[in-house]
1. Answer yes or no: is there a residue in the range 108-121 that is open to solvent by less than 50 Å² (accessible area, probe 1.4 Å), of a type in the set (A, V, I, L, M), over 30 Å from Glu194 (Cβ atoms) and modelled with pLDDT of 95 or more.
2. Any residue in the range 163-177 that is under 24 Å from Leu84 (Cβ atoms), of a type outside the set (Lys, Arg), assigned to a strand (DSSP E or B) and touching a strand residue (DSSP E or B) at 6+ places or on another chain (Cβ under 8 Å)?
3. Based on this model, can you work out whether Asp184 counts as part of a loop (DSSP other than H, G, I, E, B) and either surrounded by fewer than 17 Cβ atoms within 10 Å (Cβ to Cβ) or free of Cβ contacts under 8 Å to residues at least 12 places away in the same chain (or both)?
4. Are any of the residues in the range 128-136 touching a residue at least 60 places away in the same chain (Cβ under 8 Å), over 18 Å from Ala35 (Cβ atoms), buried (at least 20 other Cβ atoms within 10 Å of the Cβ) and out of contact with any Pro (no Cβ under 6 Å at 6 or more places or on another chain)?
5. Starting from the range 80-107, keep only residues that are in contact (Cβ under 8 Å) with a residue 24 or more places away in the chain and more than 24 Å from Met15 (Cβ to Cβ), then list their pairs with residues that are small (Gly, Ala, Ser) and open to solvent by 40 Å² or more (accessible area, probe 1.4 Å) whose Cβ atoms are within a distance under 9 Å, requiring at least 6 positions of separation or different chains.
6. Spot the failing condition for Trp179; the list is (1) open to solvent by 40 Å² or more (accessible area, probe 1.4 Å); (2) at pLDDT 95 or above; (3) among the aromatic types (Phe, Trp, Tyr), and only one is missed.
7. Keeping to the range 24-54, report how many residues are among the β-branched types (Val, Ile, Thr) and open to solvent by 40 Å² or more (accessible area, probe 1.4 Å).
Amino acid sequence: HGSYKVSYTCRGEKMEIDFTPPYRHIDLMSSLEEAIGEKLPPATELCTEESRATLDRICRERSIECSGARTVTRLLDKLVGEYLESQCINPTFIINHPEVMSPLAKYHRDIPGLTERFELFIMKKEVANAYTELNDVEIQRERFEQQAKDKAAGDDEAMFIDETFLDALAYGLPPCGGWGLGMDRLTMFMTDTESIREVIFFPTMKPV
């Protein structure tokens, strides 16, 4: 494009995406508290029923819809989508996700209850997800067990207890990190294409 600024059409409206670095950083928990004007349960206590009930109340009072299982993870995710992701027009990093939202990410080495993770959003859409890999098999099992409880409560997106993965992890994983970038979504922004179906190789798939 010859510029950091890219023109993009969203729902018929011409908008500008400014890729000029450095990108903004949003700390998930503190920024969410600021946005809703209320203290959230401590990150170290999010797995409790009391915390779930608090998040449930916050969503109901603000008419934030959360269909299906109203687990801590899903309620937090809805709040993040409503108050934080909606701010991310130009490239923005959302950082320091709670452990309950990041079952495979390593615990934050300085802030209890959080993980070393970031997501990159552009035009309110997630483009990248990255984190330090969790390599402690005992903590990973605890995370899986919490995910299994959420799945049993009706959260289809929650993970199951992956014994094969845990067995492999028990042999030892060196410190490492991983990240994934959605090239299809990035291509949408570079080509001013509103529908992802127009840029992916297989736009329509038969139902399984």
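1. Yes: one or more hits.
2. There is at least one residue in the range 163-177 that is under 24 Å from Leu84 (Cβ atoms), of a type outside the set (Lys, Arg), assigned to a strand (DSSP E or B) and touching a strand residue (DSSP E or B) at 6+ places or on another chain (Cβ under 8 Å).
3. Taking the combined requirement at face value, the residue does not satisfy it.
4. No: zero hits.
5. Asn96/Ser30; Lys106/Gly177
6. (2)
7. 2
The values are calculated or read from the model by the stated rules, or taken from the named source; none is laboratory data. Since we're looking at a predicted model, the values are computed, not measured. Positions of Cβ are backbone-derived with ideal geometry, glycine not excepted, and every protein chain shown enters the neighbour counts. Accessible surface areas use protein heavy atoms only, side chains included; no ligands, DNA or RNA. Shrake-Rupley method; radii C 1.70, N 1.55, O 1.52, S 1.80 Å.
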